[in-house]
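Before any comments, here is the structure.
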Amino acid sequence: MKLPTPLHLWSLSPTRAVSMQKRLAARVHTSALSKDVRLVAGADCAFVESDRIIACWVVWDISDGTLVEKQHVVRAVRFPYVPGLLSFREAPALIAAARKLRTEPHVFMVDGHGLAHPRRFGLACHLGLFLGRPTMGCAKSRLCGVNCDPADRRGAIASLTDREGEIGRVVRTQRGVRPVYVSIGHLITLDDAVRLTLESCTKFRLPEPTRLAHAEVSRLRRSLSLEIA
DNA sequence: GCGACAG
DNA sequence: ATCTTGTCGC
């Protein structure tokens with residue numbers, strides 16, 4: 001996959017990283033997604049010995065539920081986990097893995113937030129700018145904002161808001177499970193992000209693209225752990 | 001000062 | 001995220 005010229009280097013201090021987020025947040029855009037979304041890419045990361053990161057992208061066909069392609073990279077971890085700065089830890093590896101994709105996904109989904117971030121610039125937004133393509137976030141827990149608890153039925157939705165208004169939506173993807181937190185990343189609308197989330201959660205709480213990517217990095221981590229031992 | 005805090 | 005078996009609840 002051909003990617004745009006990188007917007008900046010990744011060797012930044014946490015303080016500089018925060019400044020960078022504030023600056024880049026202005027470049028994020030909401031826009032209608034093309035009508036025929038079929039290929040949905042899902043990402044996830046795993047860590048080995050806390051010093052190496054495994055980043056993977058899986059391309060899932062929403063029309064027939066098949067796995068089209070999967071690519072991954074293993075790199076050295078260069079940034080600590082700091083709430084609000086997740087992209088500086090995971091994005092570099094995810095971008096490298098995305099370059100290896102041979103198919104062109106219609107939208108990229110990540111395990112984390114996009115706009116539903118303290119500075120409105122979560123991992124999904126950061127990746128959206130670097131990939132120059134539609135992205136959205138579907139997180140397992142909340143980072144910021146307030147919300148009501150959606151009804152306990154598949155498809156129930158509650159608005160996630162912060163001072164300026166709606167920054168995402170809390171979606172119950174299956175009855176009897178905890179809801180997921182959906183927000184836009186870049187070049188997509190919140191309505192489409194929620195729709196894609198529900199269409200991708202065919203049988204589990206989490207979307208298939210992201211769920212499959214998680215299974216893949218877990219498998220890769222096991223084999224790498226064995227090489228060490 | 002006291003919580004909250006994506007993965 | 002990661003360390004980890006059985007076990008409480010629907």
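The values are calculated or read from the model by the stated rules, or taken from the named source; none is laboratory data. On a predicted model such as this, the values are computed, not experimentally measured, just so you know. All Cβ positions, glycine included, derive from the backbone under ideal geometry; neighbour counts span all protein chains shown. Heavy atoms of the whole protein, side chains included, go into the accessibility calculation; ligands, DNA and RNA do not. Shrake-Rupley method; radii C 1.70, N 1.55, O 1.52, S 1.80 Å.
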**Study point:** Solvent-accessible surface (1.4 angstrom probe) belonging to residue A:149, in square angstrom, nearest 10
**Key:** 120 Å²
Exercise for review: Might you report the magnitude of the Cβ-based charge dipole of region A:24-228 about its Cα centre, with Lys and Arg at +1 and Asp and Glu at -1, to the nearest 20 debye?
Suggested key: 220 debye
**Study point:** region A:1-83 - charge dipole about Cα centre, Lys and Arg +1 at Cβ, Asp and Glu -1, debye rounded to 20
**Key:** 540 debye
Exercise for review: Compute the separation of the alpha-carbon centres of region A:13-51 and region A:142-177 and state it in Å as a whole number.
Suggested key: 20 Å
Point to revise | region A:122-221: trypsin sites (Lys or Arg not before Pro) falling in loop per DSSP and having at most 13 other Cβ within 10 Å | key: A:140, A:153, A:163, A:175, A:203
Check your understanding: Just from its helices, what would the mean residue ellipticity at 222 nm be for chain A, if runs of 4 or more DSSP H residues each count -39500 (n - 2.57) and the sum is divided by every residue, rounded to the nearest 500 deg cm²/dmol?
Key -> -9000 deg cm²/dmol
**Study point:** Cleavage-rule hits, GluC sites (Glu not before Pro), region A:35-114, DSSP coil, Cβ neighbours within 10 Å at most 12
**Key:** A:49
Review point. Fully extended, how many nm does the chain gain between residue A:219 and residue A:3 (0.36 nm per residue separation, minus their Cα-Cα distance)?
Key: 75.0 nm
Study note, to complete from the structure: To the nearest Å², the heavy-atom accessible area per residue of region A:115-229 with 1.4 Å probe amounts to 44 Å²
Review point. Ignoring any ligand, DNA or RNA, what whole percent of the accessible area of chain A comes from carbon and sulfur when the probe is 1.4 angstrom?
Key: 51 percent
